[in-house]
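The values are calculated or read from the model by the stated rules, or taken from the named source; none is laboratory data. Only a predicted model underlies this, so the values are computations on that prediction, with no experimental measurement involved. Note: ideal-geometry Cβ built from the backbone for every residue, glycine included; neighbour counts use all protein chains shown. Heavy atoms of the whole protein, side chains included, go into the accessibility calculation; ligands, DNA and RNA do not. Shrake-Rupley method; radii C 1.70, N 1.55, O 1.52, S 1.80 Å.
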Amino acid sequence: MSIENKTPEQETTHFGFQTVKEVEKANKVANVFHSVAARYDVMNDFMSVGLHRVWKMFTIGKSNVRPGMKVLDIAAGTGDLTMAFAKKVGKTGEVWHTDINESMLSVGRDRLIDKGFSVPSVVCDAEALPFPDNYFDIVTVAFGLRNMTHKDKALAEMLRVLKPGGKLLVLEFSQIYKPLAPAYDWYSFNILPWLGKKVANDEDSYRYLAESIRMHPDQETLAQMMRDVGFERVNYHNLTAGITALHEGIKLR
């Protein structure tokens, strides 16, 4: 029996519930975030009833970040985590604000400057990070991993740029406890698109958000993906009944 080898142009992946060519996904995700960038923070507050701020505070606490550390914030967007890390590392530390989407990065960069934080803002692809090996003490990605085409490749890159003893923190929407799933599904596929239409004038992007959450690996699957690329001491914390989860992994060597 012969096995057909697909070219990169023929490989497919998911974009929400749609099946698309891998080479098309990045542009489709980019268009979503170009569309929502200006209203991103307002929509986050509406969608999560402000809980996204609590989830991010928990992430900062679990990082154990200290003055002088080097931190890479991937898919940093409007810069919530970047700003919090910059406060913690102080003048002797180093925080990089990065995103693959120029619109999101620009909103975050302007916000950071307005708040008095001078940190480098760089457009970069998490699957090919432009940083040397063994450079950062902490790498974070909040609500960005699910949009990446090759999550395993991105996780391997995050491992590469961490110092031995460094920590990866992945904050992402995850799988809610099953008894709550019907109500959560109704909210996700009815209220989220409606809010997107009313607040951000973009119903389709928030329907994609709901779909992308359902297609993201569950807690145990993501934990195993981290182990497979070389992270050790991997664990996760379910937040708000599993609506989100914070995964941690250490690079030991």
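Might you let me know whether the stretch 117-134 holds any residue that is buried (at least 24 other Cβ atoms within 10 Å of the Cβ) and out of contact with any Lys or Arg (no Cβ under 9 Å at 6 or more places or on another chain)?
no
Considering only residues of the stretch 147-188 that are modelled with pLDDT under 90 and either among the hydrophobic types (A, V, I, L, M, F, W, C) or touching a Ser or Thr at 6+ places or on another chain (Cβ under 9 Å) (or both), which is nearest to TRP55 (Cα to Cα)?
Of everything passing the filter in the stretch 147-188, ASN147 is nearest to TRP55 (Cα to Cα).
Take THR221 and decide whether it is of a type in the set (Val, Ile, Thr) and either touching an Asp or Glu at 6+ places or on another chain (Cβ under 9 Å) or under 30 Å from ARG66 (Cβ atoms) (or both). First the steps, then the outcome.
Numbers: of a type in the set (Val, Ile, Thr): yes; either touching an Asp or Glu at 6+ places or on another chain (Cβ under 9 Å) or under 30 Å from ARG66 (Cβ atoms) (or both): no.
Spelling it out, it is not the case that THR221 is of a type in the set (Val, Ile, Thr) and either touching an Asp or Glu at 6+ places or on another chain (Cβ under 9 Å) or under 30 Å from ARG66 (Cβ atoms) (or both).
Exactly one condition in (1) surrounded by fewer than 20 Cβ atoms within 10 Å (Cβ to Cβ); (2) aromatic (Phe, Trp, Tyr); (3) modelled with pLDDT of 90 or more; (4) part of a helix (DSSP H, G or I) is not met by PHE46; state its number.
(3)
Checking ASP73 against (1) among the charged types (D, E, K, R); (2) in a strand (DSSP E or B); (3) in contact with an Asp or Glu (Cβ under 7 Å, 6 or more places away or on another chain): exactly one of these is not met. Which one?
(3)
Condition (residue is without any contact (Cβ under 8 Å) to a residue 40 or more places away in the chain and outside any helix (DSSP H, G or I)) applied to the stretch 221-230: is it met by at least one residue?
Of the residues in the stretch 221-230, the ones without any contact (Cβ under 8 Å) to a residue 40 or more places away in the chain are 221, 223-224, 227.
From what is left, the residues that are outside any helix (DSSP H, G or I) are none.
No, because not a single residue in the stretch 221-230 is without any contact (Cβ under 8 Å) to a residue 40 or more places away in the chain and outside any helix (DSSP H, G or I).
Take the stretch 152-171 and flag every residue that is open to solvent by 10 Å² or more (accessible area, probe 1.4 Å) and farther than 17 Å from PRO132 by Cβ. Even if it seems obvious, please write down each step before you answer.
Quick first cut of the stretch 152-171, residues open to solvent by 10 Å² or more (accessible area, probe 1.4 Å) only: 152-153, 156-157, 159-160, 163-165, 167.
Scanning the stretch 152-171 gives ASP152, LYS153, LYS167.
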